[in-house]
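*Asks:* One structure coming up, written as structure tokens, with questions to follow.
The values are calculated or read from the model by the stated rules, or taken from the named source; none is laboratory data. Quick caveat: nothing in here was measured; it's all calculated off a predicted structure. Quick reminder, even Gly has a Cβ in these numbers, built from the backbone with ideal geometry, and neighbours come from all protein chains shown. Quick note on the areas: whole protein, heavy atoms, side chains included, nothing else; ligands and nucleic acids left out. Shrake-Rupley method; radii C 1.70, N 1.55, O 1.52, S 1.80 Å.
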Amino acid sequence: MSWWSRLLGGRSESKLKPQRLDYLSEALALERQGDYDAALTSYRLALRDQPNDPRILQNMAIAYSKTGRLEEAVRTYRRALDLDPSLSGAHYGLGFLLLRRGDAAGGAKPLEAFLDAPPKGAEAERWIRHAQDTLEELRAPRDETAEPEA
């Protein structure tokens, strides 16, 4: 309804229902643009509406990782996994973050959980292979006397 109709006695603004913003979609769009800090703000707003949504938390953890906030990313992945232990992407992300900070034993566990129930699809094979290769490297005995390869 136009402002003219409302002026002449049509519906008023107070009778119109305000539209709720889709903060999750907004956050995903901001991430695609590379604006991870703004995406985190939108994820926080999405969590306000859906505080126990593990997928929002998983996406937040990815954004935290992209901005170098690794401890926040680890905490957020763990919270997502507390809510949904089957969230394979969170296992994958958590595993590699723990490895990145030097926790080989801690990083192996989520990677094993990821491989116990890997995602499906054509693109998933790349991530599965990466996790398998990483676990093989972690399990391989290290020869401390060997010369590093040039």
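*Asks:* GluC sites (Glu not before Pro), restricted to region 46-144: which are DSSP loop and have at most 15 other Cβ atoms within 10 Å?
*Replies:* Glu123, Glu144
*Asks:* Work out the charge dipole of region 61-119 with +1 on the Cβ of Lys and Arg and -1 on the Cβ of Asp and Glu about the Cα centre, then indicate which of Ala108, Ala61, Ser86 is farthest towards its positive end.
*Replies:* Ala61
*Asks:* Filter the trypsin sites (Lys or Arg not before Pro) in region 65-143 down to the DSSP loop ones having no more than 15 other Cβ atoms within 10 Å, then list what survives.
*Replies:* Those satisfying the criteria are Arg101, Lys120, Arg142.
*Asks:* Using 0.36 nm times the number of residues separating Thr67 and Ser25, minus their current alpha carbon distance, what extension gain do you get?
*Replies:* 13.2 nm
*Asks:* Hey, any idea what % of region 70-117's accessible area is carbon plus sulfur with a 1.4 Å probe?
*Replies:* So the carbon and sulfur contribution to the accessible surface is 51 percent.
*Asks:* Could you report region 71-146's accessible area per residue, 1.4 Å probe, as an integer in Å²?
*Replies:* 63
*Asks:* Whenever you get a sec, line up Ile128, Ile62 from highest to lowest accessible area (probe 1.4 Å, protein heavy atoms).
*Replies:* Ile62, Ile128
*Asks:* On a C-alpha basis, how far is the centre of region 38-65 from the centre of region 102-131 in Å? Whole number, if you could?
*Replies:* If you average the Cα positions of each part, the centres end up 22 Å apart.
*Asks:* Tell me the net charge near Ile56. Cut-off is 13 Å between Cβ atoms, Ile56 excluded, with +1 for each Lys or Arg and -1 for each Asp or Glu.
*Replies:* Net charge around Ile56: -2.
*Asks:* About the Cα centre of region 53-125, how large is the charge dipole given +1 on each Lys and Arg Cβ and -1 on each Asp and Glu Cβ? Please answer in debye to the nearest 20.
*Replies:* Roughly 260 debye, rounded to the nearest 20.
*Asks:* Please report the net charge: other residues with Cβ closer than 12 Å to the Cβ of Ala29, K and R +1, D and E -1.
*Replies:* Once all neighbours under 12 Å are counted, the net charge is -3.
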